[in-house]
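Working notes, structure below.
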Amino acid sequence: MKLDLIEAESAKATIDETVGPLENELTQKYGVGQRERAVRGVRQVAALWRPEDGDAELFAEFVRTHFAGDQSALDTLFLRFETLLEQLDGHMHEIGRHFRQQLDLDLGPVLPVDELFGGYNASAHVTDDMFANKLAFVVLLNFPLTTLDERLREGRHWTRRQWAETRLAQRFDRRIPAEAIQAITEVYAKVGHYISEYNIWMHHLVNDQGERLFPSGLRLISHWGLRDEIKSDYVDAARGLEKQRMILKVMERVITQTIPSAVIDNPRVDWNPFSNEVTPTTVHDYDEAALPPRSTNAMPEPDTRYAMLLETFHAARKIDPYSPTAPTHIARRFEEDREIPEARVKAMLEQVCTSQLLPEISKLIVERLGRPLEPFDIWYNGFRPRTQFTEPELDEKVRALYPTPESYQKAVPGLLEKLGFSSQRAKYLAEKIVIDPGRGAGHAMGAEMRSEKAHLRTRIESSGMNYQGFNVAAHEIGHNVEQVLSLNDVDYTLLRGVPNTAFTEAFAFLFQSRDLELLGLPAPDDSSRAEKTLGNFWSTYEIAGVSLVDMAVWHWMYDNPDATAAQLKEAVLQIAKDHWNRFYAPIFGERDVIILAVYSHMIESFLYLPDYPIGHLICHQIDNQMRKAGSIGAEFERMATQGRIAPDLWMQTATGSDVGADAMIQSATEALAQVKAAARS
Ligand SMILES: [Zn+2]
C-alpha cells in the first residue's frame, strides 16, 4: 500500500491522538503501578508505527491485545522471546555455517554455485519481518528502550534480567528504510574497491640517481603493504633507511593527492616520488596481457581519495533521521557499537599519547637505531621477545604432536588444563568445540544457540600441523572458549557474547601469547615479556594518534556537511598536522608531518579505527588481571559468563576498573624499568 505524504502525515497524527487515551485505558485496567510502563510502551510503539502497519483502530487493538499488564504476564512474554529468539538466531546461524561450508572447509573444489550459497544471508530481512508481523512492536510495547547514558548511569544497579530486557528491546530500537541501508552497502563496495586497487609497483619507484630500491614484481597496497614494508626495512642495514624515506614520500603524495594518476597500480611507468616525474618504464616485471588499461595521466589524482570519504559520510548521514537516540554516525559508533562515550575514548587515547614514558621509550629506540627518529618510526618494531627455539625446531615439535585434525581435537582438554581449567571444566568445554580442517589460516565460529557447538577452523597440512598453525589455533581456541562460556554458561541467552569485539580478541590473544606453555615449553622470560610490552605500547601510541585524527575528521564533516573534496582535503591535512604537532612533534622533533592521515581505514571504514587502540587497552587490562590471579581458567570463566553488558560494567566486575589506559601504562612503566636494567647488566 502506497500513501502519499499528506495522507501519511494525517495517519500519523491520528495515531498520536490515540496515545493519551490508550495510556489512560491501560492504567485503569492494570492499575497505576503499570502506568509508567504503559506510557513508555505505547509511545515506543507509536514512534516506529507506519501507516502501512495499520490505522488508529488497529493500533489501539494491537496495544490492548499485547500489553502485559502484570509481572507474571511479563515474565511469560520475556521467556517466550528469549527462548524463541535463541532458536531463530541459532538456526539462521546454523544455515549460514552450512551454506559456507564448502568455501570455509578443505573439502575439495569450490563451484561457482558455492559462492552463491556462501553469499546468501538468511537473516538479512529478519528485522523487517519482525516489524511486519508485529513481533517487534510487542517487544517495544513491553520492554524499555534506553540511552547509553541510562545504561551507564543506572545500569550498575540493574538486575541481570533488566540487562536482558534492555538488550531485547535494543534489537528493535529503529526501523531504517531499505534505501538507506542499500546506499551504505553500495558506497561501502565502491570505496572498498577504490582502496583495494590502490597499489604501488615498488620496482618502478626510482630515486634521483635513477636507481630501483625494491625488488621486481613487488606490488604493495596503500597503506597496509607500504607500512609493513617500512617495518621489514629495519633489518636491511644497507638500504633500509633509504627505502623507508622513499615510502614516506609516497605516502605523503597519497595524502596530499599530488600522486600522479598514472602511477596508481600501474607498472607501465616509472615514478620518482621526490621529483614527481613520471616516465615510461624500461622494466617489464608484469604480465602485459593480464594488466587492464591504466590511466596515462601524469597529472595529480583529482582529490578522489577525499571524494570517496565524503561519499561514506553522505551515506552514513542517511541513517540520522531514523536514529533519534544516536542521531549522528559518530554517536552510533561510540554510543551503540562500542558503548563507551566518545569523550572517554578521546581522553584515554590522549592519555597514551601524552604519557611521560614516551620520551624515555623514544630514547631507547634512538639508541637502538643509532640515529634520530624520523616520522615513519611510529612503526618501529624492534622491541621483540628473545626466542629460545628456532621456528624449524618449533615446527618439528608441533608436527610430532599434531599430525591430523583428530589428534588436535583429542588434545583440546589437555591444552585447557595447562591454562588452569579444571579437568572437569576442560572436558565440558572441549565437548562443545569441533575442530574442522579449514582452508584459511584459522577461524573460530561460535554458535548462537545452546544446542549447537562452536567450530575451530584450522589448517593442518598432510605433513602435520606447523608452529604458525598451532599459534593461530591457540588464538582461535581462545575465541571458542569465550564463545562456549558466554553462550552456555551465561544466565540469559539474550546476554550471550561479550560487550564488543575487542573483548573476544583479548581472550584470544591471552591464549595465543601462552602458546609455548601450551606446547609444554618454558614461558618467555621476564625480559622477553618486557620487550613485547614496550612494542605494544609504542604501536598503541601510533594507532591512538591515527584514531584521534579519524574522529576529528568525522566531526569536521558533520560541521561542514556541504564541503567539497578539495575543502575536505585541506581540513584533513590541517587536522593531521595539528595532532602530530601536539602528540608526536615533542617526541620526534619534526613538525607539520601529515603521515597520521595515511590509513586507508579512514577512507573506507566509517570511523572504525578507534577500535584498535581500545582493543589494545582492554587486552592489557584482562591480561594483567590474569597474571594477578595467577591462573587463567577460573578467571576466564568468571569474566566470560558476564555476557554482553556495558563494557565499563563488565570491566569493573572483571578487574575492578573501567575500560582505560592505566593498566597498559602501568605495565609499560614496569617493562621500561626492566629493559633499562637488562641493558645496564
Ligand atoms: Zn581473533
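Taken together, the values in this text are just the output of simple stated rules run on the coordinates, not laboratory data. A quick note: this is a predicted structure, and the numbers were derived from the prediction, not measured. Every residue, glycine as well, gets a Cβ built from its backbone with ideal geometry; the counts of neighbours run over all protein chains shown.
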For H125 and A566, what is the calculated FRET efficiency with R₀ set at 45 Å and r taken between the beta-carbons, to the nearest 0.05?
0.65
Length gained, E179-H284, 0.36 nm per residue minus C-alpha separation, equals 33.2 nm
Mind checking which lysines have their C-alpha under 16 Å from K418, skipping anything on the same chain fewer than 8 residues away?
K410, K427
Would you work out the relative contact order for the stretch 41-197, in percent, from Cα pairs under 8 angstrom that are 6 or more residues apart?
28
For the chain, taking Cα atoms only, what is the radius of gyration to one decimal and the Dmax to the nearest whole Å?
27.8, 89
What does the charge dipole of the stretch 545-653 about its Cα centre add up to, to the nearest 20 debye, if the Cβ of each Lys and Arg holds +1 and the Cβ of each Asp and Glu holds -1?
360
Using alpha carbon centers only, the stretch 177-236 is separated from the stretch 87-163 by a whole-angstrom value of 34
Correct response: the longest run of the chain lacking exposed GluC sites (Glu not before Pro), defined by DSSP loop and at most 16 other Cβ within 10 Å, is 212-589
Could you tell me which chymotrypsin sites (Phe, Trp or Tyr not before Pro) in the stretch 305-391 are loop residues by DSSP with no more than 15 other beta carbons within 10 angstrom of their beta carbon?
F389
What is the calculated FRET efficiency for Q101 to Y558, with r their C-beta to C-beta distance and R₀ = 41 Å, to the nearest 0.05?
0.45
Quick one: divide the alpha-carbon radius of gyration of the stretch 568-681 by 2.2 N^0.38 Å and tell me what you get.
1.41
How would you classify the stretch 237-284 from its alpha-carbon gyration tensor, with a ≥ b ≥ c the square roots of the eigenvalues: rounded for a/c under 1.5, else prolate if a/b is greater than b/c, otherwise oblate?
oblate
Between G464 and residues 5 or more places away or on another chain, which pairs have amide H atoms under 5 Å apart, with H built 1.01 Å from N, and which residues are they?
none
Taking every DSSP bridge whose two residues both lie in the stretch 424-496, the antiparallel percent to the nearest 5 is 50
For the stretch 282-413, state the semi-axes of the equivalent ellipsoid (square roots of 5 times the eigenvalues of the alpha-carbon gyration tensor), sorted largest first and rounded to whole angstrom.
39, 31, 28
With a ≥ b ≥ c from the Cα gyration tensor eigenvalues, square-rooted, and the rule rounded for a/c under 1.5, otherwise prolate when a/b > b/c and oblate otherwise, the stretch 23-158 is prolate
Between A523 and T354, the two model label points (7 Å from Cα along the beta-carbon direction) sit apart by a distance in nm of 3.5
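Diagonalise the Cα gyration tensor of the stretch 504-643 and give the resulting equivalent ellipsoid semi-axes, square root of 5 times each eigenvalue, largest first, whole Å.
After diagonalising the Cα gyration tensor, the semi-axes are 38, 19, 11 Å.
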Classify the stretch 625-681 as rounded, prolate or oblate, taking a ≥ b ≥ c as the square roots of the eigenvalues of its Cα gyration tensor: rounded when a/c is under 1.5, otherwise prolate if a/b is larger than b/c and oblate if not.
oblate
To make sure I understand the rule: partners must be lysines, Cα under 27 Å from the Cα of K134, and not fewer than 8 residues away in the same chain. Which ones qualify?
K2, K12, K29, K318
Expressed as a rounded percentage, what relative contact order does the chain have, with Cα pairs under 8 Å and six or more residues apart?
15
What are the principal axis extents of the Cα atoms in the stretch 130-218, in Å, biggest first?
73, 34, 18
Where labels lie 7 Å past Cα in the beta-carbon direction, separation of A298 and V366 in nm
4.2
So H193 and E277, fully extended at 0.36 nm per residue minus their Cα-Cα distance, gain in nm 27.6 nm
Over the Cα atoms of the stretch 337-397, Rg to Rh with Kirkwood Rh, two decimal places?
1.18
Amide H contacts of Q388 (H built 1.01 Å from N, under 5 Å, at least 5 apart or other chain):
none
Are there trypsin sites (Lys or Arg not before Pro) in the stretch 222-322 that DSSP marks as loop and that have at most 14 other Cβ atoms within 10 Å, and which are they?
R239
So for the pair K628, T669, with labels modelled 7 Å out along Cα→Cβ, what separation do we get in nm?
1.4
Explain nothing, just compute: Karplus ³J(HN,Hα) = 6.51 cos²θ - 1.76 cosθ + 1.60, θ = phi - 60°, for every residue of the stretch 165-175 in order, whole Hz, x for Gly and Pro.
5, 4, 5, 4, 5, 4, 4, 10, 7, 7, 10
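Mind checking the full-extension length gain between E52 and A237? Use 0.36 nm per residue of separation minus the Cα-Cα distance, one decimal, nm.
Value of the extension gain: 59.6 nm.
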Using R₀ = 41 Å, calculate the FRET efficiency as 1/(1 + (r/R₀)^6) where r is the Cβ-Cβ separation of Q87 and E396; round to 0.05.
0.30
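Please figure out what share of the DSSP beta bridges in the chain is antiparallel and state it in percent, rounded to the nearest 5.
70
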